[in-house]
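Take a look at the structure set out below.
The values are calculated or read from the model by the stated rules, or taken from the named source; none is laboratory data. Treat the numbers as computed from the prediction; the structure is a model and nothing was measured. Counting neighbours? That spans all protein chains shown, and the Cβs are built from the backbone with ideal geometry, glycine included.
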Amino acid sequence: MKEIEVVAAIIIKDNRILCTQRSKHKYSYISEKFEFPGGKIEEGETELQALIREIQEELSIIIEVHNKFLTVEHVYPDFSIKMHSYICTCDADKIRFLEHINHCWLVKEELMNLDWAAADLPIVKKLLNY
């Protein structure tokens, strides 16, 4: 089974957390689910380098990375994922969503109202007590 190592940004601005919705995907179990933005760590990259690069590519913003939040290991039917999440902030007023079909900024108490990808759920649950 293919194992993918990824990073995810928990971007907080004005006490709200950025939630992004994936586009349609060949795997229905992640298609159009909400997730924290990020992506794969490329060979030779650190987690932080990958996180900053991925957010720049996906959202066209510069983030400030504060601390590691949670590493999640999750097995989907077709692949397994190891996701390192980080608490981040950004000052950007304008975000370009290049890879997502929708987004919202929610206070943590609203997070469970969304249909999250399974690997992101442990992060959401930990954020509720953050």
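Determine whether His84 is surrounded by 12 or more Cβ atoms within 10 Å (Cβ to Cβ), without any contact (Cβ under 8 Å) to a residue 24 or more places away in the chain and touching a Ser or Thr at 6+ places or on another chain (Cβ under 7 Å). No: the conditions fail for His84. Mind counting the residues in the stretch 1-30 that are in contact with a strand residue (DSSP E or B) (Cβ under 7 Å, 6 or more places away or on another chain) and under 16 Å from Leu114 (Cα atoms)? Adding up the residues that qualify gives 10. Contact annotation: residue pairs with Cβ atoms under 9 Å, 6 or more positions apart or on different chains, pairing a residue in the stretch 32-54 that is without any contact (Cβ under 8 Å) to a residue 24 or more places away in the chain with a partner that is in a loop (DSSP other than H, G, I, E, B) and among the charged types (D, E, K, R), are Gln49/Glu42; Arg53/Glu42; Arg53/Glu45.
State whether one or more residues within the stretch 56-68 are part of a strand (DSSP E or B), touching a strand residue (DSSP E or B) at 6+ places or on another chain (Cβ under 9 Å), at pLDDT 95 or above and of a type in the set (Lys, Arg). Yes, the conditions are met somewhere in the stretch 56-68.
The residues in the stretch 32-50 that are closer than 25 Å to Leu111 by Cβ, in contact with an Asp or Glu (Cβ under 9 Å, 6 or more places away or on another chain) and assigned to a helix (DSSP H, G or I) can be counted, and the count is 2. Among the residues of the stretch 26-47, those that are surrounded by fewer than 16 Cβ atoms within 10 Å (Cβ to Cβ), over 15 Å from Asp120 (Cα atoms) and not charged (D, E, K, R) comprise Tyr27, Ser28, Gly44, Thr46. Can you find a residue in the stretch 16-25 that is touching a helix residue (DSSP H, G or I) at 6+ places or on another chain (Cβ under 8 Å), surrounded by fewer than 18 Cβ atoms within 10 Å (Cβ to Cβ) and either of a type outside the set (D, E, K, R) or part of a helix (DSSP H, G or I) (or both)? Among the residues of the stretch 16-25, not one is touching a helix residue (DSSP H, G or I) at 6+ places or on another chain (Cβ under 8 Å), surrounded by fewer than 18 Cβ atoms within 10 Å (Cβ to Cβ) and either of a type outside the set (D, E, K, R) or part of a helix (DSSP H, G or I) (or both), which makes the answer no.
Do we find that Ile11 is out of contact with any helix residue (DSSP H, G or I) (no Cβ under 8 Å at 6 or more places or on another chain), in a strand (DSSP E or B) and of a type in the set (Val, Ile, Thr) in this structure? Judged against the criteria, Ile11 is not a match.
Looking at the stretch 48-64 only, could you name the residues that are touching a helix residue (DSSP H, G or I) at 6+ places or on another chain (Cβ under 9 Å) and buried (at least 17 other Cβ atoms within 10 Å of the Cβ)? Within the stretch 48-64, Ile61, Ile63 meet the criteria. What residue, among those in the stretch 87-130 that are part of a loop (DSSP other than H, G, I, E, B) and among the β-branched types (Val, Ile, Thr), is surrounded by the most Cβ atoms within 10 Å (Cβ to Cβ)? In this case the residue turns out to be Ile95.
Within the stretch 1-31, if we keep just the residues that are out of contact with any Lys or Arg (no Cβ under 6 Å at 6 or more places or on another chain) and of a type in the set (D, E, K, R), the residue that is farthest from Asp91 (Cα to Cα) turns out to be Lys2.
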